[in-house]
Amino acid sequence: MKRQKRVAAIHDISCFGRCSLTVALPIISAAGIECSVIPTALLSTHTGGITGYTFLDLTDEILPIASHWQSLGLEFDGLYSGFLGSFEQIDVVSEVFDRFRSADNLIVVDPVMADNGVLYKVFPPTFPSGMRKLCAKADVIIPNITEATLLLDEPYLEGPYTQSYIEGILERLSKLGPKQVILTGVYFKGDHLGAASYDARTGEVSYAFDRLIEGYYHGTGDVFGSALVASLISGKSLAESTSIAVDFTVKSILRTKAAGTDIRFGVNFEAGLRELAEKLA
Ligand code: PXL
């Protein structure tokens, strides 16, 4: 019998606020994929627009967890990293990738570190150069435009963007190592926002756009990344997975906007899980 697909998600646990593992677990599980976790840090909430949060760095737990898994002979179809709890964790997660990489599994790195032109205040200025090394180990990376420019050591530019600028970024990012790159926060002139994907092996670029929704909704990068990983591991193509992830994220934002809840508390992705599960079944 073929083993059920299995992903290891390597993110923090923000106990409240719908991001990282509290998003990755339900979304990946909804696709019928077993989701194991390596928590990178434990926080009472995420750090976006909320003060006074608790923070426990779990760097020292990561390799012992990996070693125990290895002793059990566990294998993973995907490894998916996101928010890391310390600079040192970059090398530690890189080692986890080395230990669990196989001929046909997928390593996905979301280089969570910045947005709107600024590096998150919890990270030192050296963080992007470390993240660049981790991205070099990935098969797929999913930066937003700010993260992409930090990875490339290029100045951050405000949109609207041109197609040649976006496609240049995609190509330069793939030269760092990952053969597939998905860039989020892409918009040209008009009221559409979405993601661009690039497969360096075929040269194929594709775009998935939806309407632009005003406001900064927290955790949407993790909702997008988790839906993307769920789709890719379910066997959908890069372009189709990108479009499924954009659709899932936009519907989650629209539901949240209609409900008028605090945008720091994450988006209502839960109500979209059934539809996602049906699409990926
Ligand atoms: O969604 C990204 C993210 C994940 N985890 C924590 C964060 C953030 C973004 O701010 O603070 C703890």
| note | Sequence order, region 193-207: Karplus ³J(HN,Hα) from phi using 6.51 cos²θ - 1.76 cosθ + 1.60, θ = phi - 60°, Hz rounded, Gly and Pro as x, gives 9, x, 9, 10, 10, 9, 10, 5, 6, 10, x, 6, 10, 9, 10
| said: Rounded to the nearest angstrom and ordered from largest down, what semi-axes does the equivalent ellipsoid of the chain get from its C-alpha gyration tensor (root of 5λ)? | reply: 25, 21, 21
| note | Shape descriptor, region 190-280: equivalent ellipsoid semi-axes (Cα gyration tensor, sqrt 5λ, whole Å, largest first) stand at 24, 16, 10
| For the chain, how many pairs of lysine residues have a Cα-Cα distance under 25 Å, where the two are 8 or more positions apart or belong to different chains? | 20
| note | Of Q89, Q180, Q70, the most mobile residue in a GNM of the chain (C-alpha springs, cutoff 10 Å) is Q70
| field | Carbon and sulfur %, accessible surface of the chain computed with the full protein complex present, 1.4 Å | value | 55
| task | For every helix of n ≥ 4 consecutive DSSP H residues, a contribution of -39,500 (n - 2.57) applies; sum these over the chain, divide by its total residues, and give [θ] at 222 nm rounded to the nearest 500 deg cm²/dmol. | result | -12000 deg cm²/dmol
| task | Grab every C-alpha pair in region 134-175, bin the distances at 5 angstrom width from 0 up to the longest one, and report whole percents. | result | 5, 21, 37, 25, 8, 4, 0
| query | Any number yet on Rg/Rh for region 76-234, C-alpha, Kirkwood? | reply | 0.94
| field | Share, in percent, of DSSP beta bridges within the chain that are antiparallel, nearest 5 | value | 45
| request: State, as an integer percentage, the relative contact order of the chain based on alpha-carbon contacts under 8 Å between residues 6 or more apart. | output: 17
| Hey, what's the chain come to in accessible area per residue, 1.4 Å probe, Å²? | 43
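The values are calculated or read from the model by the stated rules, or taken from the named source; none is laboratory data. The model shown is predicted, which means the values in this text are computed figures rather than measured ones. Note: areas computed on protein heavy atoms with side chains; ligands, DNA, RNA excluded. Shrake-Rupley method; radii C 1.70, N 1.55, O 1.52, S 1.80 Å.
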